Ligand code: NAD
Ligand code: DAU
């Protein structure tokens with residue numbers, strides 16, 4: 001079996017669902033259930049014999065030691081993190097605690113467990129660390145996309161904390177020989193994406209008749225990947241990635257934010273037109289920019305493609321259509337995630353950003 005951390009969040013839940021749809025290998029899913037963790041994402045697995053959910057913290061060494069001893073996973077996949085840049089600007093502490101201290105404690109427990117394995121299991125074991133392109137910093141308009149050799153230049157408390165965890169993972173391989181692989185992925189989108197992030201926020205605000213808050217001029221560029229393609233990349237790296245290596249994951253889909261917002265609006269105009277017949281784009285509002293906002297991310301995914309033969313299945317056009325349709329079909333999920341705590345966050349992040 002494998003141990004997945006953060007498997008009730010956006011990418012982790014998609015990974016767990018896809019894994020169990022394709023494999024008989026069981027998953028122990030450890031998640032703290034922060035504001036971003038949602039058992040509803042895993043509702044379809046309630047009776048699945050191959051899914052064991054454990055609520056807990058990656059920084060709880062005693063719990064991790066017990067889970068490793070009890071279940072003897074052949075791999076640990078670390079998705080758990082505080083993941084939202086804007087929240088890291090308002091309150092970095094949780095990011096330091098989970099992304100740095102938590103990853104360190106998880107690595108320590110995994111190292112002790114791995115050291116005690118017989119030689120063949122030791123050789124086959126993997127620690128797969130899920131990271132981000134944001135560790136590489138910001139690109140200028142004409143710069144080449146991030147390769148795995150790009151220097152680390154994190155600019156937000158979030159990306160700095162992820163960079164620190166990547167360095168720890170690297171060090172545990174170099175110093176102790178722990179068989180690690182790291183993936184650095186670009187922006188994901190798709191089902192179960194929490195509506196604090198750009199695409200789901202635009203969908204839920206549009207449907208609620210609220211402003212669509214575009215930071216600054218909206219010309220910041222992100223490189224979008226459908227979440228299930230990220231999950232297939234992780235499965236492929238787990239299966240065949242070389243120990244000690246990092247693999248960049250991306251779909252060659254660089255787009256400015258304002259174009260993303262217009263695409264979402266056009267799809268909603270088609271699939272769920274406004275009652276008054278006006279376009280959803282009329283709700284777009286430019287608001288104060290994110291402090292330290294990275295201007296452009298772009299992933300060079302050639303290493304993953306050429307070495308491991310991975311390819312994304314979705315284009316941006318097919319993926320974004322599926323995503324908008326998913327949100328329209330899951331009204332209850334959308335309603336439930338916009339709880340009181342979510343409304344507090346909206347107040348904290350947007351109240352001071354008047355146009
Ligand atoms: P998310 O915020 O949706 O989910 C994070 C999950 O981790 C939640 O279920 C939360 O409850 C859990 N968690 C948080 N702290 C924990 C702790 N201390 N112990 C155990 N569980 C904890 O995040 P996501 O978007 O699904 O991202 C997953 C991973 O992928 C993160 O490591 C993130 O840095 C990375 N990543 C995300 C993107 C993206 O576009 N979303 C892109 C590249 C990389
Ligand atoms: O690049 C990978 C990263 O992508 C992941 O590591 C992060 O976990 C994930 O959150 C994401 O970070 P971003 O900051 O790029 O994603 P977000 O959806 O927050 O913002 C995308 C872009 O949209 C960014 O340029 C900021 C902008 N934006 C965002 C929000 C929430 C807006 O213009 N308005 C908004 O209301």
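The values are calculated or read from the model by the stated rules, or taken from the named source; none is laboratory data. Because the structure is predicted, anything quoted here is derived from the model rather than measured. Glycine gets a Cβ as well: all are built from the backbone with ideal geometry, and neighbour counts include every protein chain shown.
Remarks
- Filtered residues of the stretch 303-312 (kept if under 12 Å from residue 252 (Cα atoms) and within 19 Å of the chain's Cα centre (by Cα)): 311, 312
- Boolean, residue 29 is at pLDDT 95 or above and within 16 Å of ligand 2 (Cβ to nearest atom): no
- Of the helices (runs of 4 or more DSSP H) that lie entirely inside the stretch 74-141, those containing 1 or more residues that are touching a helix residue (DSSP H, G or I) at 6+ places or on another chain (Cβ under 6 Å) and under 26 Å from residue 197 (Cβ atoms) span 85-90, 103-115.
- Condition check for residue 224: farther than 22 Å from residue 331 by Cβ, surrounded by 22 or more Cβ atoms within 10 Å (Cβ to Cβ) and either more than 9 Å from ligand 2 (Cβ to nearest atom) or within 19 Å of the chain's Cα centre (by Cα) (or both): yes
- Residues that are assigned to a helix (DSSP H, G or I) and surrounded by fewer than 18 Cβ atoms within 10 Å (Cβ to Cβ) were ranked within the stretch 261-302; the one that is nearest to the chain's Cα centre (by Cα) is 302.
Residue by residue, here is whether (1) at pLDDT 95 or above; (2) in a strand (DSSP E or B); (3) closer than 23 Å to residue 313 by Cβ; (4) within 13 Å of ligand 2 (Cβ to nearest atom) holds:
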| residue | (1), (2), (3), (4) |
| --- | --- |
| 162 | yes, no, no, yes |
| 183 | yes, yes, yes, yes |
| 195 | yes, no, no, yes |
| 205 | yes, no, no, yes |
| 214 | yes, yes, no, yes |
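- Residue match in the stretch 106-125 (condition: within 16 Å of ligand 2 (Cβ to nearest atom) and crowded, with 16+ Cβ neighbours inside 10 Å): no
- Hits in the stretch 330-354 (condition: surrounded by 12 or more Cβ atoms within 10 Å (Cβ to Cβ) and in a helix (DSSP H, G or I)): 333, 334, 336, 337, 342, 345, 346, 348, 349, 350
- Residue in the stretch 167-174 that is more than 13 Å from ligand 2 (Cβ to nearest atom), modelled with pLDDT of 95 or more, in a loop (DSSP other than H, G, I, E, B) and under 28 Å from residue 105 (Cα atoms) present: no
- Among the residues making up the stretch 305-329, those that are over 25 Å from residue 207 (Cα atoms), out of contact with any helix residue (DSSP H, G or I) (no Cβ under 7 Å at 6 or more places or on another chain) and in a helix (DSSP H, G or I) are 305, 306, 307.
- For the stretch 32-49, the set of residues classified as without any contact (Cβ under 8 Å) to a residue 40 or more places away in the chain and more than 16 Å from ligand 2 (Cβ to nearest atom) consists of 33, 39, 42, 43, 44, 45, 46, 47, 48, 49, listed by residue number.
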